[in-house]
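K.L.:
Below is a structure I'd like to ask you about.
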Amino acid sequence: MNEMNDSELVRIRLRFIDLVKSFFVEEPDAEKMSRWRGTFSALSREQISPRFDSAVKEISRALAVKTLEELQGEYYQLFTDPFEGAQIASNASYYFDGRSYGQALVAMRDLMKDAGLVKVEEVSEPEDSLVVMLDTFASLVEEEKKESTAKVKELQARLLEEFLEPFAEKFTAKLKENKQCDFYYLCCRVLGGYLDLEKSLVVAV
């Protein structure tokens, strides 16, 4: 990745962020599943990093045998079902503070304020939700198109090390406990592998 020019690297990073966000932003449909199958089939033939490559190969195998109805059922059980009590929290405060809307949310809002970013009103999820944190990270990567400053890199590192990485570790462990929803556990493994790649880029600067 270091051999690419800066604009190409930013473009690829944004595509990967969009890919991992697509797992969690809404229930999958046929078009999304087809895109996942094509993308991960292609990625499984590449060598990027051991952790990321392993996660990619596992999810590619799962996508080859899973049906759309199975993925939709998993998503509903994990993130939507209001009756079974099986919903999995996807915000940092739940895992860091033991409750939603905790100190982690305050800290995430402070980071966004430092970055000059504001959550749009149409988004109902809190700032420390996984989807919003990934959107925030994408915005910070996008800033590199304008200027790659030390502040932008410092904010990226803060978001990775203080929020996304520890959240992903706890979120993955929680999903691993749910044996009926193995696909979304693999999604979390892809997320963790990708965050490793991002951290290597930020630390190397």
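The values are calculated or read from the model by the stated rules, or taken from the named source; none is laboratory data. Since we're looking at a predicted model, the values are computed, not measured. Note that we place each Cβ from the backbone using ideal geometry, even for glycine, and neighbour counts take in every protein chain shown. Accessible surface areas use protein heavy atoms only, side chains included; no ligands, DNA or RNA. Shrake-Rupley method; radii C 1.70, N 1.55, O 1.52, S 1.80 Å.
K.L.:
Give a residue-ordered list of calculated ³J(HN,Hα) values for the range 174-181 (Karplus: 6.51 cos²θ - 1.76 cosθ + 1.60, θ = phi - 60°; whole Hz; x for Gly, Pro).
P.N.:
Working through the residues one at a time gives 5, 5, 4, 5, 8, 5, 7, 10 Hz.
K.L.:
Given H placed on each backbone N at 1.01 Å, which residues far from residue 97 in sequence or on other chains put an amide H within less than 5 Å of it?
P.N.:
Result for residue 97 returns nothing.
K.L.:
A further question follows. Of 113/146; 57/153; 32/57, which sit over 26 Å apart, Cα to Cα?
P.N.:
Beyond 26 Å: 57/153.
K.L.:
Then there is this: Check residue 129: other-chain or 5+ apart residues with amide H under 5 Å from its amide H, H built from backbone geometry?
P.N.:
The answer is 92.
K.L.:
For the range 116-205, what class follows from the C-alpha gyration tensor (a ≥ b ≥ c being the square roots of its eigenvalues): rounded when a/c is under 1.5, otherwise prolate if a/b is larger than b/c, else oblate?
P.N.:
Cα axes put the range 116-205 in the oblate bin.
K.L.:
Pop out the carbon and sulfur fraction of the accessible area of the chain as a percent, whole number, probe 1.4 Å.
P.N.:
48 percent
K.L.:
Once the Cβ-Cβ distance between residue 89 and residue 45 is put in as r, and R0 is 22 Å, what FRET efficiency do you end up with, to the nearest 0.05?
P.N.:
After rounding to 0.05, the efficiency reads 0.05.
K.L.:
In Å², and per residue, what accessible area does the range 69-205 have when probed at 1.4 Å with the other protein chains present?
P.N.:
For the range 69-205, the per-residue accessible area is 50 Å².
K.L.:
If you don't mind, there's one more thing I want to ask. Residue by residue, what Karplus-based ³J(HN,Hα) values in Hz, rounded to whole numbers, does the range 186-199 have, using 6.51, -1.76 and 1.60 with θ = phi - 60° and x for Gly and Pro?
P.N.:
With coefficients 6.51, -1.76 and 1.60, one gets 5, 4, 5, 5, 5, 4, x, x, 5, 4, 4, 4, 4, 4 Hz.
K.L.:
Using the Karplus equation 6.51 cos²θ - 1.76 cosθ + 1.60 (θ = phi - 60°), what ³J(HN,Hα) coupling, rounded to whole Hz, does each residue of the range 120-136 give in order, writing x for Gly and Pro?
P.N.:
Those phi angles translate into 6, 5, 5, 7, 8, 5, x, 4, 9, 6, 4, 4, 5, 5, 5, 4, 5 Hz.
K.L.:
Classify the range 1-105: rounded, prolate or oblate, from the alpha-carbon gyration tensor (a ≥ b ≥ c, eigenvalue square roots; a/c under 1.5 rounded; otherwise prolate if a/b is larger than b/c)?
P.N.:
Oblate.
K.L.:
Right, here's the next one. Under 1.5 on a/c is rounded, so check that first for the chain, then, if it is not, pick prolate when a/b is larger than b/c and oblate when it is not; a ≥ b ≥ c are the square roots of the alpha carbon gyration tensor eigenvalues.
P.N.:
Judged from the Cα gyration tensor, the chain comes out oblate (a/c at least 1.5, b/c at or above a/b).
K.L.:
While we're on this one: Want the number for residue 177 to residue 5: 0.36 nm per residue separation, take away the alpha-carbon distance, what's left?
P.N.:
57.8 nm
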